Amino acid sequence: MPASPSSSYSRLPLSPLLPQNPFFHCPLKLPPLPSRFYSASRAQFLLYPASSVSSSPSLFLSESFNCKDFPDVGDSLVEGLINLLRLSARCDDAELVRAVHAFVLKLEEETYPSNALIAAYLKLDLFSDAYNVFRGLSYPNVESYTRLISGFSKSNREDEALKLFFQMRNSGIEPNGYSFVAILTTCIRIMDLQLGLQIHAMVIKLGYLDCVFVANALMALYSKCGYYEVVPKLFAEITQRDIVSWNTVISSAVNEFMYESAFQLFRNMQAKDALRVDYFTLSSLLSACAGSTAVMEGQQVHAHAIKIGLDTNLSVNNALIGFYTKCGTLNNVVSLFERMAVRDVITWTEMVTAYMEFGLVNLALQAFGEMPEKNSFSYNALLSGFCHNGEGLKALNLFVKMVEAQIELTDFSLTSFISASSLLADYRISKQIHGFVLKFGFGSNACVEAALLDMYTRCGRMEDARKIFSRWQLEEGSSVAWTSMICGYARNGQLNEAISLVHRSQSEGKMVMDEISSSSVLGLCGTIGCQEVGKQVHCHALKLGLLSDIGVGNAVVSMYFKCWNVDDAIKMFNHMPTTNIVSWNALIAGYLLNRLGDKALGIWSNMQKKGIKPDKVTFVLIISAYRQTNLNLVDDCRNLFDSMRTVYGIEPTSEHYASFISVLGYWGLLEEAEETISKMPFEPDASVWRALLDSCKQHKNTIIGKRTAKHILSLEPRDPSTYILVSNLYSASGIWHCSEAVRENMRDKGFRKHPAQSWIISQRKIHSFYARDRSHPHVKDIYRGLEILILECLKVGYVPDTSFVLHEVEEHQKKDFLFYHGPKLAATYGLLMTKPGKSIRIVKNILLCGDCHTFLKYVSIVTKRDIFLRDSSGVHCFSNGQCSCKDHW
């Protein structure tokens, strides 16, 4: 079939040096040849259409030509052939390369354009042909080796590239700058730092360190292998830097989350070298802006891209989508996407990620369906998006489709798949997933095994988790296993096991305290209220320079807030080198935990002034802050709730409605709260109704409370605490038969109530107490001390409130139930074990009951001690008969 006029050849002008053959159009700039070269009586270029061979025209060379007959045209001919080879690579014409190859085999080897042939074959991915040309050379030179090494390196044939490099050295051929770049590229791709260090030494020895592209390759090697601290040192030694040098050091800083360093490097580049930025510079800076939620800086980079004409560049636009996903609105992202004239698979994948980030799962699915081309990254983006939005079942179904369609499965795919099963917390599914992982040979992968361990702990299968941990801790590099196991113990309420494992890991030196493990242990310390160990980890992170990591900084802030230390939490936040939206959310959440709603709203005002884009979590927190303000600011809360959609482009979810309902209920607007639920654009889930039920319990409104309870039970929630709340509401109203019916229903469904647990840390050990608990070694002293404490509190006005005993028993039995609640036992033990005047710190896993709350206020009077207690509602500070919650919790 003749080539169509729209083919790549037909758009090229005719060369004046070639016969005007209508079947061949070529822009070759061949050098002038002697007139006798075109003689009809001698051999010449004969041009034929290649319709019989391929769908695109190709050049065929006459076999009758003999170079020996034309001794004065050798150089000119070779140059023309090299031009033909370049054309073949541009036009992806393998037949043309082979035709030239067949022709030049007749030439003397000294005029043989071997390196050009190697390059042409490599560009067409014809590696065997390229290697055969190389093997046919009697004396390959450094260029021959370098071209082949570079080609193999870029085509996932790194082992062959390495063999060629060592063969070149053994042949006595000294590498040049391009050879070093080629072999360093190989080292980067296989992450071989040891070989890279040897190449670095050779570069210094042969004097190529001043070669800018060799220095750039060395910087890229150290950055890729995680040795960022070497990159700036190498950069400082480069005398003549180019834009690639600056891009390499800037992107290295971004990859290490050192965003402020990246911005400073860019400013230095503008001030010192005044180089014109390219698309790579802007893309790196936009990644830094997204990572640090630097809204103003990101907008400035966008404006700069427009100014220099790079706003239409595909890579820049893809980076802008990522930036506005983190630091803008959905409208910003969609508007940018619609303006893009050219889109690739990365663009569409970024859009799927953006929709998932904004919680719009259906739009993400629509974008995924419209993608003209998909790859494994696209599927992984959808998979992780499902997990991010709590859609575990959809994630599992997608993974099954990926397996059936034979999509490449990566570590990321499998860990997302396992995370999806963790969301479901289903024992049967978790067993099937483990079987799949073993069957397909991923059982020894560290990331996958860590995800499996985490999955077991989330499913409550601690024995299976311990088996993996026991096997894994024997292997080198098991820090992830220790971290996962510590978090698993904490998640399942086995706090002593968790803290013991922390101490053991430190004493045995088994756990490397990197960014991940430090953040995890800090999270554990915050959960259990162990400030002593938390401070040790903080100091360790400071010593190792880990506080430059945003995740570690956020974990330190959160830990201090949860350990009742507001001042150190704020100090840590103010000293963080960079912050992101998670940092700001941690600050707001910390204030709310300590019942400082007005200060939380002050942080929100500060965020707005700085132009920091809030996310879904931010709005859940800020709406909740209106429950803790000194003044009734419900009108402001309504305006904020309405602005989520209109101003910030965030659709309210069940979490947002639950927070808003709790605010209305807190301020006594129960009817408005119920009406708001009835007008929701989607069916309210149990969390929304539960927020209303909590408020009904607070205001003792049993009429709305009963209606709310019916709605909750009709939804058949899987959360046992919801059944307990409904049962307790009936019990508090004296409707014992209804209370028992709810608990019976709960038992029939196999739900178990997590027992109320209170604990206090003393002498590096957690001492836990349950109601009427007699398991403690010092139980006699504790009970005797509590009886004395009760008598002293009764003298100063304490009256037991038996309405908080939610069991149908006699009045004297109710008092026995009340007197030996966990918080009272924990407070007594704390008073016995600490010096006079020292404050007591207690943690309770559920809400503090009203009688314990009253009792602890009186304890603070008779003992002249401050008592800090953190329950599921936040921090209570009992001092001199008053509580920081103002009796609303």
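The values are calculated or read from the model by the stated rules, or taken from the named source; none is laboratory data. Computed from a predicted model, the values in this text were never measured in an experiment. Because the Cβ atoms are built from the backbone with ideal geometry, glycine has one as well, and the counts that use them run over all protein chains shown. Side chains included, ligands, DNA and RNA excluded: accessible areas come from the protein's heavy atoms. Shrake-Rupley method; radii C 1.70, N 1.55, O 1.52, S 1.80 Å.
General remarks:
- Some residue of the range 140-157 being out of contact with any Leu (no Cβ under 6 Å at 6 or more places or on another chain), more than 30 Å from GLY80 (Cα to Cα) and at pLDDT below 85: yes
- Qualifying residues in the range 499-512 (those that are out of contact with any strand residue (DSSP E or B) (no Cβ under 9 Å at 6 or more places or on another chain) and surrounded by fewer than 21 Cβ atoms within 10 Å (Cβ to Cβ)) - the one nearest to SER839 (Cα to Cα): HIS503
- Criterion: part of a helix (DSSP H, G or I), free of Cβ contacts under 8 Å to residues at least 40 places away in the same chain, open to solvent by 10 Å² or more (accessible area, probe 1.4 Å) and not hydrophobic (A, V, I, L, M, F, W, C) - qualifying residue of SER150, SER179, SER138: SER150
- Within the range 286-312, residues that are within 15 Å of ILE250 (Cα to Cα) reach partners that are of a type in the set (S, T, N, Q) and open to solvent by 60 Å² or more (accessible area, probe 1.4 Å) with beta carbons closer than 9 Å, at six or more positions or on different chains, in the pairs SER287/ASN255; CYS289/GLN299; CYS289/GLN300.
- Complete set of residues in the range 212-242 that are under 27 Å from the mean Cα position of the chain (by Cα) and of a type in the set (D, E, K, R): LYS224, GLU229
- Among the conditions (1) open to solvent by 70 Å² or more (accessible area, probe 1.4 Å); (2) modelled with pLDDT under 80; (3) of a type outside the set (A, V, I, L, M, F, W, C), GLN536 misses just one, which is (2).
- Residue check, GLN366 of a type in the set (S, T, N, Q) and in a helix (DSSP H, G or I): yes
- Qualifying residue in the range 596-603 (condition: open to solvent by 20 Å² or more (accessible area, probe 1.4 Å), more than 30 Å from TYR560 (Cα to Cα) and over 27 Å from the mean Cα position of the chain (by Cα)): no
- Taking the range 398-424 as the range and being aliphatic (A, V, I, L, M) and more than 17 Å from SER384 (Cα to Cα) as the test, only ALA405 passes.
- Residue, farthest from GLY545 (Cα to Cα), within the range 571-604, restricted to residues that are of a type in the set (D, E, K, R) and part of a helix (DSSP H, G or I): ASP598
- Complete set of residues in the range 554-582 that are more than 21 Å from ILE528 (Cα to Cα) and touching a Gly at 6+ places or on another chain (Cβ under 7 Å): MET576, ASN580
- Here LEU209 fits the description: more than 34 Å from the chain's Cα centre (by Cα), farther than 22 Å from LEU85 by Cα and buried (at least 17 other Cβ atoms within 10 Å of the Cβ).
- Filtered residues of the range 539-559 (kept if in contact (Cβ under 8 Å) with a residue 12 or more places away in the chain, open to solvent by 10 Å² or more (accessible area, probe 1.4 Å), assigned to a helix (DSSP H, G or I) and not small (Gly, Ala, Ser)): HIS540, LEU544, LEU546, LEU547, ILE550, ASN554
- Some residue of the range 566-581 being more than 29 Å from THR629 (Cβ to Cβ) and either crowded, with 18+ Cβ neighbours inside 10 Å or acidic (Asp, Glu) (or both): yes
- Screening the range 73-87 for residues that are open to solvent by less than 40 Å² (accessible area, probe 1.4 Å) and farther than 21 Å from THR146 by Cβ and picking the one that is modelled with the lowest pLDDT gives VAL73.
- Condition check for PHE280: open to solvent by 50 Å² or more (accessible area, probe 1.4 Å), of a type outside the set (D, E, K, R), closer than 28 Å to SER376 by Cα and in contact with a helix residue (DSSP H, G or I) (Cβ under 8 Å, 6 or more places away or on another chain): yes
- Residue selected from the range 623-640 under the condition open to solvent by less than 20 Å² (accessible area, probe 1.4 Å) and touching a Phe, Trp or Tyr at 6+ places or on another chain (Cβ under 6 Å), by the criterion farthest from THR325 (Cα to Cα): VAL634
- Consider the range 464-488 and keep the residues that are at pLDDT 80 or above and of a type in the set (D, E, K, R). The one that is most open to solvent (accessible area, probe 1.4 Å) is LYS467.
- Residues in the range 182-205 that are surrounded by fewer than 19 Cβ atoms within 10 Å (Cβ to Cβ) and more than 20 Å from ARG241 (Cα to Cα): ARG189, ILE190, MET191, ASP192, LEU193, GLN194, LEU195, LEU197, GLN198, ALA201, MET202, LYS205.
- Lone unmet requirement of (1) surrounded by fewer than 18 Cβ atoms within 10 Å (Cβ to Cβ); (2) at pLDDT 95 or above; (3) hydrophobic (A, V, I, L, M, F, W, C) for LEU715: (2)
- Tabulated pairs, the range 489-518, first modelled with pLDDT under 80, second outside any helix (DSSP H, G or I) and surrounded by fewer than 17 Cβ atoms within 10 Å (Cβ to Cβ), C-beta under 6 angstrom, 6+ apart or interchain: none
- Lone unmet requirement of (1) under 21 Å from SER884 (Cβ atoms); (2) of a type outside the set (A, V, I, L, M); (3) assigned to a helix (DSSP H, G or I) for ASN632: (3)
- The range 765-782 - residue that is outside any strand (DSSP E or B) and in contact (Cβ under 8 Å) with a residue 12 or more places away in the chain and, of those, surrounded by the most Cβ atoms within 10 Å (Cβ to Cβ): ILE782
- Taking the range 253-273 as the range and being of a type outside the set (A, V, I, L, M, F, W, C) and crowded, with 21+ Cβ neighbours inside 10 Å as the test, the residues that pass are TYR259, SER261.
- Tally of residues being open to solvent by 30 Å² or more (accessible area, probe 1.4 Å) and either part of a loop (DSSP other than H, G, I, E, B) or among the acidic types (Asp, Glu) (or both) across the range 654-686: 13
- Any hit, the range 168-176, residues being open to solvent by less than 30 Å² (accessible area, probe 1.4 Å) and within 20 Å of ASN216 (Cα to Cα): yes
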